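Trainee: Sharing a structure, written as structure tokens. Questions coming.
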Amino acid sequence: MITVVAVALVLLLASGLPIGFAFGLAGAIALWWENEALLNVVSKMMGGLDSFVLMAAPFYIVAGEIMNRGGISERLIRLSQILIGRIRGGTAYAAIVSAVLFSGISGTAVADIAALGQIFINGMPKEGYKKTFAAALVTAASVIGPIIPPSVIMVLYAAVADISVLSLFLAGIVPGILLGLSIALVVLWKGRNGDLPVSQITVPRAEVPRLAIDGLLVMSLPAFIVIGTLSGAFTPTEAGGVAVVYAAFLGMVVFRNLDFAGLMHAMRGAARLTAGLFLLIAAVEIVNYVLIIGGIAEGTAALVGIFKDHPTIFLLVCVFALLVIGLALDAGPALLLLAPFLLPMTRSMGIDDIHFSMVMIVSVTLGLISPPVGICLFVACKIGNITLRQLWSELALFFYAEIGVIMLLVFFPVLSTGLPRLIRG
Amino acid sequence: MRSFHALARSLAKVADHTVGWILLVTVALNVAQVFTRYVMNAPLFWTEEAIRYATIWLTFLGSAAASQYGDHMDMNLFLGVRNERFQRFHQIFLNGLTIVFGVLVLWQGTRYCLMNGMQTSPAAGIRMIWIYSATVIGAALLLMVAIHKLLMAAWPRYANEDAV
């Protein structure tokens, strides 16, 4: 039964069918093959969707989208440029700081690269940077988006794996900053011969207070989400809803770059994107059920037997598997499918849930920028009008540095678990 | 034929606008939940349930809209194939599979509604048929969209006629 569902899933996914439909059909085929009730298709989907946490995902998507439409990306970028100042490679570092700041309001890597790519990939060459370098830099930085909270993948992961979104959010902050630092190190290395241009941006003194206030208004959103949920004032879902209202208020009243039609346009776009994600979450439940009645427990027990004395090796195997899957496709769905089975295994090996989850989420996210297939790669190539080969020639070093961050996360659990433990006890 | 295409397109548009509004209303419910808890000290008891059920409607109606506007995530390995006949055949194949999925959800969703629709929800006490029917209506819309797209790929002539 497990073989049937696995073969069906791989064939359907490879055919190019939308991922949610592919999971649903593969599960149904396996149920039909074994004469199990097809009613499970609908009842398991209903079970998968019955979660209050899930609704946080569209809230974060729409809040980010509204912020972007409301002219907020430009303000964040100006703010980063002031922070960095006129040093050699200044704009490159400003791009990294922008990505870190922007990831505080966006929940996905694609949103990051779409917003920052337009400005940096086409703007940096005017200062004398190579376009391929600019594109590689922004692509590498886009993976910070889903690691620093809020994060859509963390919401989905928390819903299927039944662990705390809040702990995951907190756990992402340090790895996200580490990713930013690793990118900055590569910039430093690439510019070691002093051939990176000095930032040409000049901000008139009179503008600085205004920009600082705007920046504070924008950055108060992630602060609000984190502090509001930490203090127990809101659930993450409620914080997301309030964030949408706050973003709409900023866009419509304070910055006046957004009207009601624009707001509804953002709502519809976010709703369609969410529907696809939720259909996947629902359909994953069907395949999960098939795996359970197909006896996956025996397989996991055997694996635990092999690796029980070598938890770190097991982690490395999982990372490697996700990175390999991530080469050809988006490994996110694979993680969402397998997390409910992997977590009990890693628990019995003595690996902390948050440690394991963080390593897995960062690995999956790197799949978005690993060639030949990765959504962020495609967006960057399209914006910069360059080929994948040109992009990769500059991106490779950034990518390996980020792999280095994953290794740090594997070997030093405290990097993931430290902050949640410190704050939540 | 033409009127079918027009109908499929306008229904997808209705679904699209509906999910936009569902999301807006959910945001409002969410804020109402926070507001009544902190400001009025009398939290609404039904908002959390309503938000959970809105998730279900959003998913099934939104899937049809996402299908129409090409917003579903996929892993299409064949995008680079420049043969137009192949791309048309591929579209027919994918929409055929989508139709199979739509029929399955329509059929089993109807059964599910008939079996469990008369139960009532724990907090607000509404009949569950109002929630479960999202599967049936969403699947019906998805079928319309998929049949429309399949026909467009099979007979592009109709697509051109429509554009006039």
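The values are calculated or read from the model by the stated rules, or taken from the named source; none is laboratory data. Keep in mind that what you see is a predicted model, and the values were worked out from it rather than measured. Neighbour counts run over all protein chains shown; Cβ positions are idealised from the backbone, glycine included. Only protein heavy atoms, including side chains, enter the accessible area calculation; ligands, DNA and RNA are left aside. Shrake-Rupley method; radii C 1.70, N 1.55, O 1.52, S 1.80 Å.
Yes/no per residue for (1) without any contact (Cβ under 8 Å) to a residue 12 or more places away in the chain; (2) within 15 Å of A:ALA63 (Cβ to Cβ):
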residue: A:THR235; (1), (2): no, no
residue: A:VAL245; (1), (2): yes, yes
residue: A:PHE249; (1), (2): yes, yes
residue: A:ASP259; (1), (2): yes, no
residue: A:MET267; (1), (2): no, yes
residue: A:ALA283; (1), (2): no, no
residue: A:VAL287; (1), (2): no, no
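Trainee: Could I ask something else about it? How many of the residues in the range B:15-72 are at negative phi, of a type in the set (Gly, Ala, Ser) and in a loop (DSSP other than H, G, I, E, B)?
Mentor: Looking only at that region, the number is 1.
Trainee: Take the conditions under 18 Å from the mean Cα position of the chain (by Cα), hydrophobic (A, V, I, L, M, F, W, C), farther than 30 Å from A:ARG421 by Cα and not in a loop (DSSP other than H, G, I, E, B) and apply them to A:LEU263. Does it pass?
Mentor: no
Residue-by-condition table, conditions (1) crowded, with 24+ Cβ neighbours inside 10 Å; (2) in contact (Cβ under 8 Å) with a residue 24 or more places away in the chain; (3) small (Gly, Ala, Ser):
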{"site": "A:LEU54", "(1), (2), (3)": "yes, yes, no"}
{"site": "A:ALA57", "(1), (2), (3)": "yes, yes, yes"}
{"site": "A:GLU74", "(1), (2), (3)": "no, yes, no"}
{"site": "A:GLN81", "(1), (2), (3)": "no, yes, no"}
{"site": "A:ALA95", "(1), (2), (3)": "yes, yes, yes"}
{"site": "A:PHE102", "(1), (2), (3)": "yes, yes, no"}
{"site": "A:ALA111", "(1), (2), (3)": "yes, yes, yes"}
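Trainee: Out of the residues in the range A:71-96 that are over 23 Å from the mean Cα position of the chain (by Cα) and assigned to a loop (DSSP other than H, G, I, E, B), state the one that is modelled with the highest pLDDT.
Mentor: Per the criteria, the residue is A:GLY89.
Trainee: While we're looking at this one, here's another question. Among A:VAL186, A:VAL218, A:VAL208, which is assigned to a helix (DSSP H, G or I) and surrounded by fewer than 19 Cβ atoms within 10 Å (Cβ to Cβ)?
Mentor: So the residue among A:VAL186, A:VAL218, A:VAL208 that is assigned to a helix (DSSP H, G or I) and surrounded by fewer than 19 Cβ atoms within 10 Å (Cβ to Cβ) is A:VAL208.
Trainee: In addition: For residues in the range A:270-290 being within 18 Å of the chain's Cα centre (by Cα) and more than 7 Å from every other protein chain (Cβ to nearest Cβ), which is most open to solvent (accessible area, probe 1.4 Å)?
Mentor: A:LEU277
Trainee: Same structure again: Could you identify the single residue in B:THR110, B:THR47 that is open to solvent by less than 10 Å² (accessible area, probe 1.4 Å), more than 25 Å from A:VAL110 (Cβ to Cβ) and either more than 7 Å from chain A (Cβ to nearest Cβ) or over 16 Å from the mean Cα position of the chain (by Cα) (or both)?
Mentor: Only one candidate passes the filter, namely B:THR47.
Trainee: Does at least one position in the range A:368-378 carry a residue that is without any contact (Cβ under 8 Å) to a residue 24 or more places away in the chain, at negative phi, within 14 Å of chain B (Cβ to nearest Cβ) and open to solvent by 30 Å² or more (accessible area, probe 1.4 Å)?
Mentor: Scanning the range A:368-378 turns up at least one residue that is without any contact (Cβ under 8 Å) to a residue 24 or more places away in the chain, at negative phi, within 14 Å of chain B (Cβ to nearest Cβ) and open to solvent by 30 Å² or more (accessible area, probe 1.4 Å).
Trainee: Right, next: In the range B:1-34, which residues are surrounded by fewer than 19 Cβ atoms within 10 Å (Cβ to Cβ), more than 17 Å from B:ILE131 (Cβ to Cβ) and of a type in the set (Val, Ile, Thr)?
Mentor: B:VAL14, B:VAL31
Trainee: Can you name the residue in the range A:8-18 that is closer than 21 Å to A:GLY326 by Cβ, over 24 Å from the mean Cα position of the chain (by Cα) and not hydroxyl-bearing (Ser, Thr, Tyr) and, of all such residues, is farthest from the other protein chains (Cβ to nearest Cβ)?
Mentor: Only one residue tops the list, namely A:LEU11.
Trainee: Search the range B:25-38 for residues being within 24 Å of A:GLY276 (Cβ to Cβ) and in contact (Cβ under 8 Å) with a residue 12 or more places away in the chain, and hand back the single one that is nearest to the other protein chains (Cβ to nearest Cβ).
Mentor: B:ASN30
Trainee: When you scan the range A:310-319, do you find a residue that is among the aromatic types (Phe, Trp, Tyr) and either in contact with a Phe, Trp or Tyr (Cβ under 7 Å, 6 or more places away or on another chain) or open to solvent by 30 Å² or more (accessible area, probe 1.4 Å) (or both), even just one?
Mentor: Scanning the range A:310-319, I find at least one residue that is among the aromatic types (Phe, Trp, Tyr) and either in contact with a Phe, Trp or Tyr (Cβ under 7 Å, 6 or more places away or on another chain) or open to solvent by 30 Å² or more (accessible area, probe 1.4 Å) (or both), so the answer is yes.
Trainee: For a quick check of your reading of the model, give me the residue pairs whose first member lies in the range B:1-24 and is within 10 Å of chain A (Cβ to nearest Cβ) and without any contact (Cβ under 8 Å) to a residue 40 or more places away in the chain, whose second is assigned to a helix (DSSP H, G or I) and surrounded by fewer than 18 Cβ atoms within 10 Å (Cβ to Cβ), with beta-carbon atoms closer than 7 Å and at least 6 apart or on different chains.
Mentor: B:GLY20/A:MET264
Trainee: Only residues that are open to solvent by 30 Å² or more (accessible area, probe 1.4 Å) and not in a loop (DSSP other than H, G, I, E, B): list them for the range A:225-235, please.
Mentor: Passing the criteria: A:VAL226, A:ILE227, A:LEU230.
Trainee: Determine whether the range A:326-348 contains at least one residue that is in a helix (DSSP H, G or I), open to solvent by 70 Å² or more (accessible area, probe 1.4 Å) and polar (S, T, N, Q).
Mentor: yes
Trainee: What residue, among those in the range A:243-260 that are assigned to a helix (DSSP H, G or I) and open to solvent by 30 Å² or more (accessible area, probe 1.4 Å), is nearest to the other protein chains (Cβ to nearest Cβ)?
Mentor: So, considering only residues that are assigned to a helix (DSSP H, G or I) and open to solvent by 30 Å² or more (accessible area, probe 1.4 Å), the one nearest to the other protein chains (Cβ to nearest Cβ) is A:VAL245.
Residues checked against (1) at pLDDT below 90; (2) touching a Pro at 6+ places or on another chain (Cβ under 7 Å); (3) in a helix (DSSP H, G or I):
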| site | (1), (2), (3) |
| --- | --- |
| A:PRO371 | yes, no, no |
| A:LEU377 | no, yes, yes |
| A:ILE386 | no, no, no |
| A:TYR400 | no, no, yes |
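Trainee: Please determine, by comparing only the residues of the range A:133-158 that are assigned to a loop (DSSP other than H, G, I, E, B) and either closer than 25 Å to A:LEU397 by Cβ or not small (Gly, Ala, Ser) (or both), which one is nearest to the chain's Cα centre (by Cα).
Mentor: A:PRO146
Trainee: How about the range B:64-98: which of its residues are open to solvent by 50 Å² or more (accessible area, probe 1.4 Å), small (Gly, Ala, Ser) and facing another protein chain (nearest Cβ under 10 Å)?
Mentor: Residue satisfying the conditions is B:GLY70 alone.
Trainee: Search the range A:19-50 for residues being in contact (Cβ under 8 Å) with a residue 12 or more places away in the chain and open to solvent by 20 Å² or more (accessible area, probe 1.4 Å), and hand back the single one that is farthest from the other protein chains (Cβ to nearest Cβ).
Mentor: Across the range A:19-50, the extreme among qualifying residues is A:GLU34.
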